[in-house]
Amino acid sequence: MKTQKVSVVIPCHNGWPYTKLCLSSVLKSDYPNFHIIVVDDGSTDSTSEYIAKEFQNVEVLKGDGNLWWSGSMNLGIREAIKKQTEYVLVLNNDVVIAPDALSALMNCAKENPHAVIGSMVYELNHSNLIWSAGGTMKWPWPGEIQLGIGEIDNGQYNEIRNVKWAPGMGTLIHREILLQLNLYDDLNMPQYIADVDFCLRSEQASYPVLITPKSKIFNNSDNTGGIKKEKRKIKWIEFKEIFTSLRSPDYLRARLIFMFRHCPWYLLIPALLIRYTRLIIFTMRRL
């Protein structure tokens, strides 16, 4: 029986050593029918040239450095859909996947054809230390919660589970779900929380989000973005960029649209007050 085609979409901006490890791991997959699309968004470290030399069967799409994560994903997904792929696996370039991860995701998809299916994510350098077991939501604070982070895997997540969201790495999505939801919201959420937003919109459209423990992804968390709880002093310009930079998970436009879209209306004001009071106090202490 013919296997369904999967396109693996990997955005990157520099970080060739990470990308090389990621591609090498995907190419060891035991699933027989997949195609890799790397979206190189303006890399200056010759990523595209290295891929052309070392991974000739990998397709490369190029951006000018302004696509960011969501735009890069959408560019790759549109190309995959043009190529008549049935499923898209979204990955980050700084992860490594287990050889049977793609097969495990597709086996779960056969049993749950109308679901978004995520993987268990572990620390790259501590393969039994969980980085993500999916996510849930709690309003008014803190909003999105990543489950399992920092836990040792003792079998507590050994069943397929419903979750509210899965991170944008190691998540398998059917083309029809992507088309119905109009892909990721690259206009309002170019870098952060677009993956959470997509999953919440998916659930609202009656497509559940599942995590299968049989698919394992290993994340280099040292390279993962976000605010680090470090003790160094920050400058005023860095304080401003927390709210204005696309690189910030608290980029104000994206965060407000996300909260207005998904927070219950009666908890919206408390959610805004708690989040930004805490954030301002946290950052002011480091000025």
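The values are calculated or read from the model by the stated rules, or taken from the named source; none is laboratory data. If you're wondering where the values come from, they're calculated on a predicted model, not measured in any experiment. Note that each Cβ is placed from the backbone with ideal geometry, even for glycine, and that neighbours are counted across all protein chains shown. Only protein heavy atoms, including side chains, enter the accessible area calculation; ligands, DNA and RNA are left aside. Shrake-Rupley method; radii C 1.70, N 1.55, O 1.52, S 1.80 Å.
Laid out as a table, the results:
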item: Residues satisfying the stated conditions in segment 250-266, i.e. surrounded by 15 or more Cβ atoms within 10 Å (Cβ to Cβ), in a helix (DSSP H, G or I) and either free of Cβ contacts under 8 Å to residues at least 60 places away in the same chain or not basic (K, R) (or both); result: A254, I257, F258, M259, H262
item: In segment 106-149, residue least open to solvent (accessible area, probe 1.4 Å) [restricted to those that are over 18 Å from the mean Cα position of the chain (by Cα) and small (G, A, S)]; result: A109
item: Qualifying residue in segment 222-242 (condition: modelled with pLDDT of 90 or more and outside any loop (DSSP other than H, G, I, E, B)); result: no
item: Matching residues in segment 1-15 - criterion: being farther than 12 Å from V95 by Cα and either in a strand (DSSP E or B) or at pLDDT 95 or above (or both); result: Q4, K5, V6, S7, V8, V9, H13, N14
item: Residue in segment 179-202 that is in contact with an Asp or Glu (Cβ under 9 Å, 6 or more places away or on another chain), open to solvent by 10 Å² or more (accessible area, probe 1.4 Å) and part of a strand (DSSP E or B) present; result: no
item: Yes/no for G155 being outside any helix (DSSP H, G or I), closer than 19 Å to T212 by Cα and open to solvent by less than 50 Å² (accessible area, probe 1.4 Å); result: yes
item: Any chance I51 is among the aliphatic types (A, V, I, L, M), in contact with an Asp or Glu (Cβ under 8 Å, 6 or more places away or on another chain), buried (at least 17 other Cβ atoms within 10 Å of the Cβ) and farther than 24 Å from A194 by Cα; result: yes
item: Strands (runs of 3 or more DSSP E) within segment 21-106 that include 2 or more residues touching a Ser or Thr at 6+ places or on another chain (Cβ under 7 Å) and free of Cβ contacts under 8 Å to residues at least 24 places away in the same chain; result: 59-63
